[in-house]
Amino acid sequence: MALRAAVTADMDAGLLPFCTVTTLGTTATGAVDPLEPVTDLCRGVGMWHHADGAWGGLGAGVPALASHYAGVGGLDSLTVDPHKTLSVPVGCGALLVPDPEHLHTAFAHQASYLTAGEPDALPWLSHATIELTRPGTRALGLWATLHHLGRDGVTRLIEHYLVLADRLRERITAEPRLQLVAGGPWPVACFRITDPNGGGPDALHARIARRVQNNGRVYLATVAIHGRTVLRAALCNYRTTTEDLDLLIREVLHAADAEQSAAGTDQPPQHR
Ligand SMILES: Cc1ncc(COP(=O)(O)O)c(C=O)c1O
């Protein structure tokens with residue numbers, strides 16, 4: 001694999017590769033890296049295997065995604081952002097490690113003015129993170145969300161996003177003026193307009209996304225896939241329904257028609 005070749009090349013050059021970072025749910029397309037072969041490679045050469053699950057780490061608990069997340073328990077560390085998947089206020093990120101001693105080894109420091117408290121006092125935060133002050137409101141938002149949803153509720157929430165993403169990809173595929181470019185297994189759909197008029201497709205997609213955003217009814221971004229700018233929808237709002245997906249498609253097609261008109265073509269708009 002390319003990673004093994006890169007590690008070997010680094011070692012041959014006298015460098016010391018020490019860490020590989022895989023991604024669970026890439027920002028652009030929602031792809032999930034295969035974990036087990038990377039862990040095997042890391043173990044063989046003494047490297048740390050960290051997974052960036054900021055966006056898709058919580059997929060590890062969803063049965064439908066089990067094959068994609070095989071090996072998550074063998075990671076050396078994993079980041080998860082509850083402010084993405086769980087809709088808690090920014091910024092609530094978590095670094096998970098199988099052995100808390102790793103945090104202590106990496107971060108612990110004891111300033112002379114931090115005197116030891118009672119034997120059963122809570123440990124200083126600076127023994128496990130780069131922070132000292134306890135950010136209570138961040139933890140409270142996450143605690144309340146987990147308390148309300150429970151483990152099953154978190155799974156059901158993510159399953160809701162996965163169903164929405166499947167439906168959106170189906171609708172895009174069924175719409176002749178749209179083409180699905182990438183997306184999944186995490187709930188993302190990247191797509192393009194198939195009949196761009198009045199400008200290059202890259203610029204057109206950027207203008208369509210701006211129009212849709214300015215309309216204020218749905219949010220749509222652009223992303224570069226293999227050097228081309230396409231439209232990107234991420235399903236991560238617990239209030240989103242399948243009706244919203246229809247609205248999204250309508251908004252995109254209206255924006256495409258508006259761009260076509262603005263470009264001065266004499267073809268009538270195709271969608272109302
Ligand atoms: C895969 C991934 N990692 C990391 C980040 C950064 O997250 P934050 O700075 O919000 O913690 C993002 C943000 O979109 C992301 O999608």
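The values are calculated or read from the model by the stated rules, or taken from the named source; none is laboratory data. Just so you know, these numbers come straight off a predicted model, no measurement behind them. Neighbour counts run over all protein chains shown; Cβ positions are idealised from the backbone, glycine included. SASA here: full protein model, heavy atoms, side chains in, ligands and nucleic acids out. Shrake-Rupley method; radii C 1.70, N 1.55, O 1.52, S 1.80 Å.
For the stretch 238-252, a residue qualifies if it is over 23 Å from Arg192 (Cβ atoms) and either within 19 Å of the chain's Cα centre (by Cα) or assigned by TED's automatic domain parsing to the domain that holds Val88 (or both), and the qualifying residues are Tyr238, Arg239. The residue pairs whose first member lies in the stretch 206-217 and is among the aliphatic types (A, V, I, L, M), whose second member is open to solvent by 70 Å² or more (accessible area, probe 1.4 Å), and whose beta carbons are closer than 8 Å, counting only pairs six or more residues apart or on different chains, are Val212/Tyr219.
Among the conditions (1) modelled with pLDDT of 95 or more; (2) under 19 Å from Gly57 (Cα atoms), the only one that Gly184 does not satisfy is (1).
Pairing residues of the stretch 30-53 that are aromatic (Phe, Trp, Tyr) with residues that are away from the ligand (no atom under 16 Å from the Cβ), at Cβ distances under 6 Å and at least 6 apart in sequence or on separate chains, gives Trp48/Asp76.
Which of the residues belonging to the stretch 80-102 are assigned to a loop (DSSP other than H, G, I, E, B), hydrophobic (A, V, I, L, M, F, W, C) and either under 12 Å from Leu58 (Cβ atoms) or within 13 Å of the ligand (Cβ to nearest atom) (or both)? The answer is Leu86, Val88, Val90, Cys92. Within the stretch 46-56, identify whether any single residue is within 16 Å of the ligand (Cβ to nearest atom), assigned to a loop (DSSP other than H, G, I, E, B), aromatic (Phe, Trp, Tyr) and outside the structural domain of Arg232 (by TED's automatic domain parsing), and answer yes or no. Yes, the conditions are met somewhere in the stretch 46-56.
Looking at this structure, is Ser77 loosely packed, with under 15 Cβ neighbours inside 10 Å, away from the ligand (no atom under 13 Å from the Cβ) and of a type in the set (Ser, Thr, Tyr)? Considered against the rule, which asks whether it is loosely packed, with under 15 Cβ neighbours inside 10 Å, away from the ligand (no atom under 13 Å from the Cβ) and of a type in the set (Ser, Thr, Tyr), Ser77 comes out as no.
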